[in-house]
Amino acid sequence: MRRIVSIVFLSVFVLSASAAGAFEKPRLGVVVVVDQMRADYLERDPVYSGGFKRLAAEGAVFTRARHLHIPTETAPGHAAISTGRNPSVHGIVANDWFDRVSGRETYCVADASYGIGPEHLDGPTLSDGLKASDPQARVFAVSSKDRAAVTLGGRRPDLVLWFDRVAGEFTTSSYYRRPAWLGAFNAKLKASGLLAVKDGKVPSAVLATPALDRATADLASELVRRESVGRGSSTDLLLVSFSGTDTVGHRYGTQASEMTTQLRAVDALLGKLLAQWSKASGGSLVLALTADHGAIPEPEGPMGKALGVKRLNWETFAADLEKALQKRWPAPKPWIVSNQVPHLYLDGVQSARMGLDWLAFRTEAAGVLSGLGGVARVVVADQVPFLDAADPLASALRRSYRPDRCGDLLLIVAENYLLHDKVPGTSHGSAWFYDANVPLVLWGRGVKPGRYDGPAAVVDLAPTFARLLGFDYPPGDGAAVRFEALAASR
């Protein structure tokens, strides 16, 4: 069934591409993702003089863009960017989920045949649509995270590379081509000492610096040079995800001096890359900037204090959930077999042995857990399709629901609660504005610059960017082509 659906979508791309007429396609399309970039980061620092400043001044800036799904994590966010769909379609419901058949947790880009690959990614992707519309088009994806690079690259990329934090080098899997030049690049990276391995891995303190994104930018530049990106007669699509801001945020928070340093570094890197990409494509360039999720301001900083943010210890919170269930239904084994908030997977076998009705048990368990501190609400997962449309969380939950992968219960952490132990660090994952509101900027050929303050969604990127690349990509649920930001000629 998955294969049939993909073929149907690709057929739509091929048919619609023929209607593009005399539109002159750009030689190079670039999608830049900055992991954990809040919307306000784009213009928060008057010192910016590179890419952020240029894109904000010259691009189409959607000030109210947001993700429409839960949880707001790396893998679901990147999949939403690349597919223009939500987890109910693309299937990446979280970074990790519990597989009920195997009884084990599953990593989002784990691949049974290739180790790492797009096995779990469903539905259409922008990259695959481009290749269906033009078989000569090429797709390249780069990130320091495998789950970012793989979900961006789709199923038919020409190259997908990510950083191995144990080996201290960029790598790929057997699903993809391994470029001959990668060894020389890695040798140069190791000789620089930028991301040196110590005690079996690159230290987390080093990863929480601009060094991680500097290495990713260097790799992107090497890839463009070695693969002659943007120099052919067909469009090349380059997708680059910078992960350093996420690492800095988790360690230091949104308001720390380290975050200021990090954002200024990304601004400078992006400024240089914009110049390189423009030169490589002869000015025939269109670019999008967005993020996979935002972050909640940490309670120790002024923004967090203004919001009244409260910090929850992860282990204590998880233990309290189990204690509440055990108090109501004393049992020899834990009730929660996997805690991947918002996804809670319960022990159905134990429930049956105790003679509990499965639906009644889950419904009552949702009520028990909803009364705990820091919990806004708990929903029985298979009741999501029946939520009242007037329910403020109904649309986000519906777009996030996959019965084969979601938890038995979906737990919504209360607004202005930070589920993260590391002081002064921050985290993300909710559907509240601070996690969902991210930058969305279009820039370059075919873009009508300006500030667009109406509602917009990150899933708008794929169908809109496809138009800029010269083919039609049908919008998914909640998505739309942002025609207001397209030049009249397109």
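The values are calculated or read from the model by the stated rules, or taken from the named source; none is laboratory data. As the structure is a computational prediction, the values presented were derived from the model and not from experiment. Don't worry about glycine lacking a Cβ; one is built from the backbone with ideal geometry, like all the others, and counts go over all protein chains shown. For the accessible areas, the whole protein counts, side chains as well, though only heavy atoms, and no ligand, DNA or RNA atoms are used. Shrake-Rupley method; radii C 1.70, N 1.55, O 1.52, S 1.80 Å.
Quick query: amide H of ILE296 versus all other amide H atoms, modeled in the peptide plane; which residues come in under 5 Å with a sequence gap of 5 or more or a different chain?
Under 5 Å from the amide H of ILE296 lie the amide H atoms of SER427, each far enough along the sequence or on another chain.
Can you list the HN-Hα couplings for the range 459-470, worked out from phi with the Karplus curve (6.51, -1.76, 1.60; θ = phi - 60°), rounded to whole Hz and with x for Gly and Pro?
Going residue by residue, I get 5, 6, 4, 4, x, 6, 5, 4, 4, 5, 8, x Hz, with x marking Gly and Pro.
In Å and whole numbers, how far do the C-alpha atoms of the range 96-137 stretch along each principal axis, longest first?
That gives 42, 18, 14 Å along the principal axes, largest extent first.
Among DSSP beta bridges lying fully in the chain, give the percent that are antiparallel, nearest 5.
DSSP beta bridges in the chain are roughly 50 percent antiparallel.
Which order do the peptides 467-480, 435-448, 170-183, 386-399 come out in when sorted by mean C-beta neighbours inside 10 angstrom, highest first?
Result, highest mean Cβ count within 10 Å first: 435-448, 467-480, 170-183, 386-399.
Kirkwood Rh over alpha-carbon pairs of the range 272-325, then Stokes-Einstein at 25 °C and 0.890 mPa s: what D in µm² s⁻¹, rounded to an integer? Present the calculation step by step, with values, prior to reporting the outcome.
Working: Rh = 15.7 Å.
The estimated diffusion coefficient comes to 156 µm²/s.
Please give the per residue accessible area of the range 353-393, computed with a probe of 1.4 Å over protein heavy atoms only, in Å².
54 Å²
Within the P(r) computed for the range 291-362, what percentage of the Cα pairs occupies the region above 13 Å?
Distances greater than 13 Å cover 73 percent of the Cα pairs.
Based on the mean of other Cβ atoms within 10 Å per residue, sort peptides 328-336, 410-418, 107-115 so the most packed one is first.
Descending packing order for the listed peptides: 410-418, 107-115, 328-336.
Whose amide H sits under 5 Å from the amide H of LEU486, counting only residues 5 or more places off or on another chain, with H placed in the peptide plane?
Under 5 Å from the amide H of LEU486 lie the amide H atoms of LYS448, each far enough along the sequence or on another chain.
Which of the peptides 244-250, 59-65 is most tightly packed, and how do the rest follow, judged by the mean count of other Cβ atoms within 10 Å per residue?
On the way: 244-250: 25.9, 59-65: 22.0.
Taking the mean over residues of other Cβ atoms within 10 Å, the ranking is 244-250, 59-65.
Please report the relative contact order for the chain, taking Cα pairs under 8 Å with a sequence separation of at least 6, and give it as a percent rounded to a whole number.
Details: 1066 pairs, mean separation 140.0, N = 490.
For the chain, the relative contact order is 29 percent.
Tell me, what HN-Hα J-couplings in whole Hz come from the Karplus equation 6.51 cos²θ - 1.76 cosθ + 1.60 at θ = phi - 60° for each residue of the range 422-434, using x for Gly and Pro?
Taking θ as phi minus 60°, the curve returns 7, 7, x, x, 10, 8, 6, x, 8, 9, 5, 4, 5 Hz for the range 422-434.
Short version: ³J(HN,Hα) in whole Hz for each residue of the range 66-71, in order, from phi by Karplus 6.51 cos²θ - 1.76 cosθ + 1.60 (θ = phi - 60°), x for Gly and Pro, what are they?
Using θ = phi - 60°, the values come out as 8, 7, 10, 10, 10, x Hz.
5 Å is the cut-off here: which amide hydrogens, built 1.01 Å from N in the peptide plane, fall below it relative to LEU159, excluding neighbours closer than 5 in sequence?
Sorted by chain and number, the residues that satisfy this are VAL139, ALA141.
Which whole-number percent gives the relative contact order of the range 22-165, counting Cα pairs below 8 Å spaced six or more residues apart? Mind showing how you got there, number by number?
Numbers: 181 pairs, mean separation 23.7, N = 144.
For the range 22-165, the relative contact order is 16 percent.
Using the Cα centre as the reference, give the magnitude of the dipole from point charges on the C-beta atoms of the chain (Lys, Arg: +1; Asp, Glu: -1; all else neutral), rounded to the nearest 20 debye. Provide the component values of the computation, followed by the final result.
Working: 55 positive and 50 negative charges, 205 e Å.
For the chain, the charge dipole is close to 980 debye.
Quick one: of LYS188/LYS448; LYS145/LYS198; LYS201/LYS422; LYS131/LYS448; LYS198/LYS333; LYS53/LYS279, which pairs are farther than 30 Å apart, Cα to Cα?
Over 30 Å Cα-Cα: LYS188/LYS448; LYS198/LYS333.
Over the C-alpha atoms of the chain, what are the Rg and the largest Cα-to-Cα span, Dmax, in Å?
Final numbers for Rg and Dmax: 22.3, 70 Å.
Please give the Cα centre distance for the range 352-426 versus the range 233-274, rounded to the nearest Å.
The two parts, judged by their Cα centres, are 33 Å apart.
What shape does the range 68-166 have by the C-alpha gyration tensor, where a ≥ b ≥ c are the square roots of the eigenvalues, rounded means a/c under 1.5, and otherwise prolate means a/b greater than b/c and oblate the rest?
Prolate, since a/c reaches 1.5 and a/b exceeds b/c.
Please report the carbon-and-sulfur percent of the accessible area for the range 315-384; probe 1.4 Å, protein heavy atoms only, DNA, RNA and ligands left out.
Taking all protein chains in place, the range 315-384 shows 56 percent carbon and sulfur surface.
Which order do VAL197, VAL266 take when ranked by solvent-accessible area (1.4 Å probe, heavy atoms of all protein chains), largest first?
VAL197, VAL266
For the range 101-212, what does the relative contact order come out to in percent, with C-alpha contacts under 8 Å and a separation of six or more?
Values: 156 pairs, mean separation 20.9, N = 112.
Here the relative contact order equals 19 percent.
Using only the Cα atoms, work out Rg/Rh for the range 272-406, with Rh taken as the Kirkwood radius, to two decimals.
1.16
Quick one, what does Rg over Rh come out to for the range 405-490 if you take C-alpha atoms and the Kirkwood Rh?
Result for the range 405-490 is an Rg/Rh of 1.10.
Along the Cα-to-Cβ line of ASP199, 7 Å from the Cα, sits a label point; which residues in the range 162-191 have backbone N less than 18 Å from it?
165-168
Using a 1.4 Å probe and counting only protein heavy atoms, arrange LYS53, LYS305 so the residue with the most accessible area comes first.
Ranked list, largest accessible area first: LYS305, LYS53.
In the chain, with Lys and Arg counted as +1 and Asp and Glu as -1 at Cβ, which of these residues, VAL481, ILE412, ALA220, has the Cα nearest the positive end of the dipole, that is, farthest along it?
Going by the charge dipole, the pick is ALA220.
Roughly how many Å² is the accessible area per residue of the range 230-285, as a whole number, for a 1.4 Å probe? Present the calculation step by step, with values, prior to reporting the outcome.
Numbers: 1750 Å² over 56 residues.
Each residue of the range 230-285 exposes 31 Å² on average to a 1.4 Å probe.
Could you give me the percent of Cα pairs per 5 Å distance bin for the range 18-127, shortest bin first, beginning at zero and ending with the bin that holds the maximum distance?
Going out from 0 Å in 5 Å bins, the range 18-127 shows 2, 9, 15, 17, 16, 13, 12, 9, 4, 2, 0 percent.
Give me the percent of accessible area attributable to carbon and sulfur for the range 101-167, probe 1.4 angstrom. Can you show the working numbers first?
Numbers: 1040 of 2200 Å².
That share works out to 47 percent.
About the Cα centre of the range 67-121, how large is the charge dipole given +1 on each Lys and Arg Cβ and -1 on each Asp and Glu Cβ? Please answer in debye to the nearest 20.
Dipole of the range 67-121, to the nearest 20 debye: 140 debye.
Considering the Cα trace of the range 353-456, what is its radius of gyration and what is Dmax, both in angstroms?
18.4, 64
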